[in-house]
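> If you scroll down you'll find the structure; I have some questions about it.
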Amino acid sequence: MARTKRQIIGGVDTHASTHHAAVLDLHGRLLDDAQFAATPAGYAQMLSWMRKRGQVQSVGIEGTGAYGAGLARHLHEHGVDVLEVPRPDRRLRRQRGKSDPIDAEAAARTVLAGNASGAPKLATGPIEAIRMLRVARTGAVKAKTAAANTLQAVLVTAPEPLRGQLRALSTAELINACLRLRPDTTSLHDPVQAAKMSLRSIATRARALDTKARTLKKQLDALTAAAAPATSAIFGLGPDTVSALLIAIGDNPDRLRSEAAFAHLCGVAPIPASSGKTNRHRLHRGGDRSGNRALHIAVVVRLRYDPRSRAYATRRTTQGKTMPDIIRCQKRYLAREVFTALRADYAAITT
């Protein structure tokens, strides 16, 4: 009779250049650990190394959204169940210290204990494309804001002829005015000419960043509308908030296990907060903060412009509820509506 191959659990501590892996049996015994290169060849060697030590049941990876993204995709493509593992808690690190083998073993033990139940984002479809464009646009917007703030800061200490001419302008008007400045490059030892050169250079940078941000926004809005038409049709959700919700889930719809799981992911699920004679619930403070922010913005828009939401707020206010309480309740209701729409959108993407 053929001997049954033993079941093993893997854990991986990821880094930029190398990944350290450890394997346990189902009784929690450490079987082996080793280090591999963070390359496609290294991923293949790691998987082969694990399979020589038993039948791989699951692999827990720390950092699936960063250094471990490539490894997670490789293991998923080869039929391995991959789970996202949080960083080891500080108490464990104080007791056992920190090293790559220790962290890899801790990742495997987290899976074995059932504390790593989250499926990582695959980043292999249109949602990953949306995330990439959103990262670029967010960076351009932040850099443009920084350039505009620098422009105002330079203007504060600029020579009086320039300061008096430009100080009353709005940001957009200031950028346009600074672009029209013509410094004398042969007299940059003059503070006035140097100030003109500085202001014009910063304004040029701000204008270029603004143009790039607008272009990226158009491309991002088109991708979002194509990927999630049902979600985009919900009142109060714009392209920016829809893209944030899509990115929170990723390209694998199996992360949408239930409406409650989606609410928990976005930080709007009630959790017990009782003690002694006090019996209450509160919204947990974890989850994806960008997704939570998207729901919050949508609720604020609905409370301002949606008749049903305004009527609900009026009714609950007369019952003694405060506006923060009303917003929290509305976020939970909106999460239920968004979940239904997202599931329809994901079904359309996968068919």
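> Given a 1.4 Å probe and the protein chains all in place, what does the accessible area of Asp325 round to, in Å² to the nearest 10?
50 Å²
> Follow-up question, since we're still on this one. Expressed as a whole percentage, what fraction of the accessible surface of the range 259-306 belongs to carbon and sulfur atoms when a 1.4 Å probe is rolled over the protein heavy atoms?
51 percent
> With every protein chain left in place, what is the accessible area per residue of the chain in square angstrom, probe 1.4 Å? List each step's numbers first, then the result.
Working: 19070 Å² over 351 residues.
Ligands and nucleic acids excluded, the result is 54 Å² per residue.
> Angle, helix 323-350 long axis vs. longest principal axis of the chain, Cα atoms, 0 to 90°, nearest 10?
70 degrees
> What do you get for trypsin sites (Lys or Arg not before Pro) in the range 264-321 restricted to DSSP loop and a cutoff of at most 13 other Cβ within 10 Å of the site's Cβ?
Sites meeting the loop and neighbour criteria: Lys277, Arg280, Arg285.
> In addition: Cα centroids of the range 38-113 and the range 275-340: how far apart, whole angstrom?
Using only Cα atoms, the two centres lie 37 Å from each other.
> Using a cut-off of 22 Å between alpha-carbon atoms, which lysines can reach Lys5, once sequence neighbours fewer than 8 places away in the same chain are excluded?
Within the straight-line limit of under 22 Å, Lys5 reaches these lysines: Lys52.
> On the protein heavy atoms, probe 1.4 angstrom, tell me the percent of accessible surface of the range 20-96 carried by carbon and sulfur. Each step should come with its number before you reach the end.
Details: 1960 of 4260 Å².
Reported share for carbon and sulfur atoms: 46 percent.
> In addition: Just the accessible area for Thr110, please: 1.4 Å probe, Å², rounded to the nearest 10?
For Thr110, solvent-accessible area is about 30 Å².
> Of Val300, Val111, which has the most accessible area and how do the rest follow, probe 1.4 Å? Intermediate results must be reported in sequence, preceding the final value.
Values: Val300 55, Val111 15 Å².
Largest accessible area first, the list is Val300, Val111.
> Any aspartates and glutamates with Cα under 18 Å of the Lys331 Cα? List them, leaving off those in the same chain fewer than 8 positions away.
Asp240, Glu259, Asp288, Asp306
> Compute the helix-to-body angle for 126-156: its Cα long axis versus the longest principal axis of the chain, expressed 0 to 90° and rounded to tens.
40 degrees
> To test your reading of the geometry: what angle, between 0 and 90 degrees and rounded to tens, separates the Cα axis of helix 191-227 from the longest principal axis of the chain?
With both axes taken from Cα atoms, the answer is about 50 degrees.
The values are calculated or read from the model by the stated rules, or taken from the named source; none is laboratory data. All figures in this text were calculated on a predicted structure; none of them were measured in a lab. When we count neighbours, we look across all protein chains shown, and the Cβ atoms used for this are built from the backbone with ideal geometry, even at glycine. Remember, those area values only see protein heavy atoms, side chains included, never the ligands or the DNA or RNA. Shrake-Rupley method; radii C 1.70, N 1.55, O 1.52, S 1.80 Å.
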